[in-house]
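The values are calculated or read from the model by the stated rules, or taken from the named source; none is laboratory data. Since the structure is predicted, the reported quantities are computational estimates derived from the model, not experimental observations. Using ideal geometry, Cβ is built from the backbone for each residue, glycine included, and neighbour counts are taken over all protein chains shown.
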Amino acid sequence: MEELRIAICEDLKKDRERLLACIRDTGVAAKCETFASGGDFLEKFKPGLYHLVYLDIYMPGVTGMETAAAIRERDEGVMLAFTTTSREHSLEANKYRALLYMEKPVTREMVEHTLTLAAALRESQKSKVLTIPAGKKRLDVRHDDVVYAEVQNQRCVLHLRNGESLDVSTNMNIDALEIMLPKPRFCRTHRSYIVNLDMVERSNGTDFVMKDGGVAYITRKEYRRVMEAYDDWLFAQVTEL
């Protein structure tokens, strides 16, 4: 497995050292760099430099959320994990598609979970296979076989083109799944749904009817954006013929 390139952005030395110790204890191959502020990190950061960034939310100067916003303006693919002493920003963290929102003190189990997700994401990004961590195992599914996916209550249901559904218990959230699947082919249509646009049969005016007969919901306020993405996808397929 490829070595993970990790950045740790924590203003307190003891928290940086704790994260480093937890990463070492997992045994995952990783190269880590540490930063004491969001400003220091952003001075060095460039797209593709890191696979995973741990961000403390409460830092003087540039906060963790401000750092995340700056990261996402330049890099959509890097994985983020927040560390904090409060749950106050958990909803805001979702905006930046964080793998995990960890309350301090962080534990080896929390860190191992983020590293497992990060490794699975790297494998999925490099191949045409979706890799989902499920406990101690990993489930591999070809992108071509996915019609649509729904993630709710720590369960991921993959609806497949052969008519079967895979129901997997996983701690992976839909934001992580969205990063794993290639755009623009896969489109987030709802807080719980991601759709393979190749497998859309039609729109019924409010949602997508899929080629397997299933219905993938579209959030009302996102309907125009989703339909524009679908139209762009269809146009791109025609022009490639």
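Table for the structure above
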| read-out | value |
| --- | --- |
| Single residue of Arg108, Arg138 found to be surrounded by fewer than 21 Cβ atoms within 10 Å (Cβ to Cβ), assigned by TED's automatic domain parsing to the domain that holds Arg155 and touching an Asp or Glu at 6+ places or on another chain (Cβ under 9 Å) | Arg138 |
| Any hit, the stretch 187-210, residues being closer than 21 Å to Gln237 by Cα, at pLDDT below 90 and either in contact with a Cys (Cβ under 6 Å, 6 or more places away or on another chain) or not small (Gly, Ala, Ser) (or both) | no |
| Any chance Leu115 is under 20 Å from Ile23 (Cα atoms) and in contact with a strand residue (DSSP E or B) (Cβ under 8 Å, 6 or more places away or on another chain) | yes |
| Strands (runs of 3 or more DSSP E) lying entirely in the stretch 153-241 (those with 1 or more residues that are free of Cβ contacts under 8 Å to residues at least 60 places away in the same chain, surrounded by 16 or more Cβ atoms within 10 Å (Cβ to Cβ) and among the basic types (Lys, Arg)) | 186-190 |
| Of all residues making up the stretch 54-95, the number that are hydroxyl-bearing (Ser, Thr, Tyr) and in a loop (DSSP other than H, G, I, E, B) | 4 |
| Test: residue in the stretch 120-132 that is in a strand (DSSP E or B), touching a residue at least 40 places away in the same chain (Cβ under 8 Å) and in contact with a Gly (Cβ under 9 Å, 6 or more places away or on another chain) | no |
| Count of residues meeting criterion [without any contact (Cβ under 8 Å) to a residue 12 or more places away in the chain and among the basic types (Lys, Arg)] in the stretch 133-152 | 2 |
| Ile194 vs. criteria farther than 21 Å from Arg5 by Cα and in contact with a Phe, Trp or Tyr (Cβ under 7 Å, 6 or more places away or on another chain) | yes |
